[in-house]
Every structure is written in structure tokens, then in C-alpha cells.
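To keep things clear, I will list the structure first and then write my remarks on it.
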Amino acid sequence: MQISRVKLKHQILLIFLIAIILFTAMEFFFYYSFYNLTQKRAANYGNTIIEQTRQKIDSVFNDIKVSTSIVANNKKIQEFTIEDDDYKRGFDLGPYVIDLMEYMRSFNSYVNGIVINDNQERRVSSLAYANGDVFF
């Protein structure tokens, strides 16, 4: 069948239908290409954000672990928690303990306070209040 033998009306209709089919096929192709591209980018972006968040959380926990280890393994703080003499506890060991706890709290911006309890339920705390009070 030759196109030249078909009526002009049918030739125009045939060309019009072929053009519509080609444009529709191109539209589907570009739509799915763009869809897949954006899906991959969104997945990569999401994975990157999740990985950065995980690294930040790990870093914060590591900082807290280091601060806790320094405070818990300090000889003066251990003496402070077992000392029965209130004078030695309050005046000899107390200022050092408070200074160390304040340093550890200021060193790690994610720690708002440090509280140490001993076996006799005595407590020393360094909390980030607005007026910066330290209690023990």
C-alpha cells in the first residue's frame, strides 16, 4: 500500500496519528527517565542525610563517653565519693571536683549537667542553669 494512493484526508489523519504516537512515546520515555533520575537522587540524598546524622550522633555519644570516662576514672573524684569527712570533702576535694565537672560540661556542648552520686546518697552536680550555680 502506498501513501500516495490514499486520499488526502486520510494522509493528513495518518500523519497526525503518527505524530501523536511519536510525541506520546517520547513523553513517556522522558517522563520515566526523569522519574528514575529523581528517584535515584532522592535516595542518594536521603542516604547521605541519614549517614551524616548517624555520624553526628556517634560523635556526640563518643564525646559523652570520653567525658564520662575522664570524670569516672579521676582519682580525686573517686576519693570525693568515698570520703566521710565533710570538711575534706567540701574544701579539699570539692573545688577540684566542681572545676573538673564544669570543664567537662563546657567541653561538651551536648551535656547540660553532670551529677555524681555516692553510696551514701550524697550528690554533687554541675548543671547548666542560667545563673551557673553548682550544688553539692
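The values are calculated or read from the model by the stated rules, or taken from the named source; none is laboratory data. All of these numbers come straight from a predicted model, not from anything done at the bench. So basically every Cβ, Gly included, is an ideal-geometry build from the backbone, and we count neighbours across all protein chains shown. Calculation scope for accessible area: heavy atoms of the full protein, side chains included, ligands and nucleic acids excluded. Shrake-Rupley method; radii C 1.70, N 1.55, O 1.52, S 1.80 Å.
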(request) Between beta-carbons, use under 10 Å as the cut-off and find the net charge around I116, counting Lys and Arg +1, Asp and Glu -1. (result) +1
(request) Write down the accessible area per residue of the chain in Å², having rolled a 1.4 Å probe over the full set of protein chains. (result) 80
(request) Please provide three numbers in whole Å: the alpha-carbon extents of region 22-72 along the principal axes, with the largest listed first. (result) 74, 6, 5
(message) Rounded to the nearest 20 debye, what is the charge dipole size of the chain about its Cα centre when +1 sits on each Lys and Arg Cβ and -1 on each Asp and Glu Cβ?
(response) 1780
(request) Please give the length that would be gained between F30 and L127 if that part of the chain were fully extended, namely 0.36 nm times their separation in residues minus their C-alpha to C-alpha distance (nm, one decimal). (result) 29.0 nm
(request) Please work out how much length the chain gains when fully extended from Q55 to S106, using 0.36 nm per residue of separation minus the C-alpha to C-alpha distance, in nm with one decimal. (result) 16.2 nm
(request) Run the numbers on the chain and let me know its relative contact order in percent, using alpha-carbon pairs under 8 Å that are six or more apart. (result) 14
(request) Could you tell me what percent of the accessible area of region 21-128 is made up of carbon and sulfur, with a 1.4 Å probe and every protein chain present? (result) 58
(message) Using each residue's phi in region 41-53, evaluate 6.51 cos²θ - 1.76 cosθ + 1.60 at θ = phi - 60° and report the 3J(HN,Hα) Karplus result to the nearest Hz, with x for Gly and Pro.
(response) 5, 5, 5, 5, 4, x, 5, 5, 4, 5, 5, 5, 5
(message) Starting from 0.36 nm per residue, how many nanometres of slack lie between H10 and T38 once their C-alpha separation is accounted for?
(response) 5.9 nm
(message) Quick one: the Cα spread of the chain along its three principal axes, in angstroms, biggest first?
(response) 116, 28, 22
